[in-house]
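Participant: This is the structure, below, for whatever I ask next.
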Amino acid sequence: MREFNVTGLCLPNRHYMADISEKVRQIVDMVEKEKYFTINRGRQYGKTTTIRQLEKALQKKDYQVARISFEGIGDTPFENEEKFCQNIIDQISRAINRTNPEYAKAWINDSLKTFKELDMFLNEVCKNEKVVLIIDETDKTSNNFVFLRFVGMLRDKYLERDNGESATFQSVILAGVYDIKNLKLKMIQAGTHQLQDGEKRINSPWNIAIDFKIDMSLNEKEIASMLVEYENDHKTGMDIEAIAKEIRAYTNGYPYLVSRICQNIEEDLGQDWTLQGVQNAVKEILFEQTTLFDDIFKNIESNPDLKDLLRELTVGNRAYLYSIDNQAIQLASIYGIVEKRGNLVAIHNRIFEVRITNYFASEKELRDSKLTMRASVECVTAGNKLNMEMLLKRFAEHYYEMYNNKDIDFLERECRLLFITYLRPFINGTGFYHLESEVRSGKRTDVIVDYLSEQFIVELKLWYGEVAHENAFEQVSDYLSSKNKDIGYLLTFDFRKEQNVGKPQAQWIEHKGKKILDVMVGI
């Protein structure tokens, strides 16, 4: 019986898998056009599974495929040029031997000691065959400089091949978290970038490669294909289209998260293939300690600029234009934490957004003992219903009492984080929140709270005058309409000290047929 898999390679006979044949077809087309390229995506993004399917597709077209990996081979092959040449040829020979033992014999050579000798050797073994070299986990190298010299040799042979001067691989595909173009950045991050005389070689060994623009995330159709396989086996009666859409909404197609939601529903939630079941699976993921999240937080802790960027994107008030020249944005993109949406930087998916927001909220709780004061039990009724009106009023009172002596810069910077930190204890274990990044109007509605079967839409604003405040009502009502909701909440932080005398105010207003609780928080 097949199962959902979130560790290692996915195999069709053992695991439920999304149909990514169209992605593979596009990659095969690049190979047939003799392109060199890099498949670089974040951890657990399905790279290895895609490469395995690509290998099989190419073999059906009579390509000699040498799929090798730098993971787990240790440091010795990267100590010097000779050891690297011997290791790479040995790996290629063994890889080809899996499907063509006779041709694999041509790759056996124990005498290669230099890249020049390797260059001449490739002229012979590649001249009558269409050989595709695929190297997985390329950023696991212990000595990037030795590897980059090899890549530089491949570049030179690629150019010579086009001039008819030598034979080489039909296509070379490098896979890893880092693009070859970003390996210098990895070396800087690791503190190993010391070879000043190698700057040019580090910067340009892969300039013959084309950009890899294929979207590796899973779209709704691909997610649904996996659910169809499951439904054929289990006959649950799920609404496949609706479930696929909901999973995509929370994961943005991040392959690990897609499979993990499905695995949670199947193994831990009694096969609850409903929208509520998807939400419950997401709720479990938000409290899991996994390698993926460990890597994300390790990277955040080790890079202050990355940490500042993610803090602003989640609990801060600043938007960033996407820039390839910004090192923090580049790193966050490499790790798969953010993506480009329009011209702006956005957290890749809702789950990442909530996990990272919770990270900053937990830091805030540890630093600020005032936040241990919680609102009264009135916020959760006897029937386990969340009273959002009472929660917002109590937060406004708490905020006024505890922070009215703080400077305005602090309050503008911390207001969203303070609210989220205050909110979390009421919903942890029962519900969860996410930060809505995009709405139909192109604007942002800050916090969407799902609590059991109810959803609460809360817009957080800074006071910028009466006109802006009226526009906020317009934004909330439009978003409520898009979600078929009639009730929403507007929490406005007003830092005009001369205008704020007394405790915060809250009132219900009617706007375009919607009821909106208008809560003003002052200092």
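Participant: Projected area of the stretch 253-317, taken from the Cα convex hull and averaged over every viewing direction, in nm²?
Facilitator: Values: hull surface 21.9 nm².
Result: 5.5 nm².
Participant: May I pose another question? Expressed in nm to one decimal, what extension gain is obtained for the pair residue 80 and residue 341 from 0.36 nm per residue of sequence separation less their Cα-Cα distance? Please list the in-between numbers first.
Facilitator: Working: separation 261, 0.36 × 261 = 93.96 nm, distance 4.25 nm.
In short, 89.7 nm is gained.
Participant: Shifting gears a bit: Relative to the first principal axis of the alpha-carbon coordinates of the chain, what is the inclination of helix 220-234, with its axis defined by its Cα atoms, in degrees from 0 to 90 and to the nearest 10?
Facilitator: That helix lies at roughly 90 degrees to the long axis.
Participant: Taking just the C-alpha trace of the stretch 1-68, give me its Rg and Dmax in Å.
Facilitator: For the stretch 1-68, the Cα-based Rg and Dmax read 12.8, 40 Å.
Participant: For each pair in 340/515; 235/283; 56/221; 235/340, compute the distance between the two Cα atoms and list the pairs where it is over 30 Å. Don't skip to the end; give the middle numbers.
Facilitator: Numbers: 340/515 35 Å; 235/283 25 Å; 56/221 23 Å; 235/340 39 Å.
Among 340/515; 235/283; 56/221; 235/340, the Cα-Cα distance tops 30 Å for 340/515; 235/340.
Participant: Still on this structure, please answer the following. Measuring from label point to label point, each 7 Å out along Cα→Cβ, what is the residue 284 to residue 400 span in nm?
Facilitator: Those two pseudo-labels are separated by 4.4 nm.
Participant: Measuring with a 1.4 Å probe in the full set of protein chains, what accessible area per residue, in whole Å², belongs to the chain? Don't skip to the answer; put the middle values down first.
Facilitator: On the way: 23640 Å² over 523 residues.
Here the per-residue accessible area is 45 Å².
Participant: Where the only charges are on Cβ atoms (+1 Lys, Arg; -1 Asp, Glu), what is the dipole of the stretch 1-155 about its Cα centre, to the nearest 20 debye?
Facilitator: Details: 25 positive and 23 negative charges, 106 e Å.
It comes to approximately 520 debye.
Participant: Hey, any idea what % of the chain's accessible area is carbon plus sulfur with a 1.4 Å probe? Walk me through the numbers on the way to the answer.
Facilitator: On the way: 10770 of 23640 Å².
Roughly 46 percent of what the probe reaches on the chain is carbon or sulfur.
Participant: For the chain, find the longest principal axis of its Cα atoms and tell me its angle to the long axis of helix 291-302, 0 to 90°, nearest 10.
Facilitator: 80
Participant: Would you kindly compute the Cα radius of gyration of the stretch 70-168 and its largest Cα-Cα separation (Dmax), both in Å?
Facilitator: Here Rg and the maximum Cα pair distance are 13.2, 37 Å.
Participant: Another question, if that's okay. Order the peptides 507-515, 73-81, 172-180, 484-492 from the highest to the lowest mean number of other Cβ atoms within 10 Å of their residues.
Facilitator: Numbers: 507-515: 12.4, 73-81: 14.7, 172-180: 24.1, 484-492: 18.1.
Packing proxy ranking, top to bottom: 172-180, 484-492, 73-81, 507-515.
Participant: Angle check, please: helix 408-427 long axis (alpha carbons) against the longest principal axis of the chain (alpha carbons), in degrees 0 to 90, nearest 10.
Facilitator: Approximately 90 degrees, to the nearest ten.
Participant: Over the Cα atoms of the stretch 1-123, how large are the radius of gyration and the largest Cα-Cα distance (Dmax), in Å?
Facilitator: Both quantities, over Cα of the stretch 1-123: 16.7, 51 Å.
Participant: When the Cα centres of the stretch 311-357 and the stretch 87-158 are compared, how far apart do they sit, in Å?
Facilitator: If we compute the Cα centre of each part, the gap is 38 Å.
Participant: To continue, here is another question. So for the chain, considering every pair of alpha-carbon atoms, how many percent are separated by more than 41 Å?
Facilitator: Pairs farther apart than 41 Å: 33 percent.
Participant: Using the Cα centre as the reference, give the magnitude of the dipole from point charges on the C-beta atoms of the stretch 114-169 (Lys, Arg: +1; Asp, Glu: -1; all else neutral), rounded to the nearest 20 debye. Before the final figure, lay out each step's value.
Facilitator: Working: 8 positive and 11 negative charges, 8 e Å.
Result for the stretch 114-169 is approximately 40 debye, rounded to the nearest 20.
The values are calculated or read from the model by the stated rules, or taken from the named source; none is laboratory data. Computed from a predicted structure; not experimentally measured. FYI the Cβ positions are ideal-geometry reconstructions off the backbone, even for glycines, and counts take in every protein chain you see. Each accessible area value is taken on the protein alone, full model and side chains, heavy atoms only, with ligands, DNA and RNA left out. Shrake-Rupley method; radii C 1.70, N 1.55, O 1.52, S 1.80 Å.
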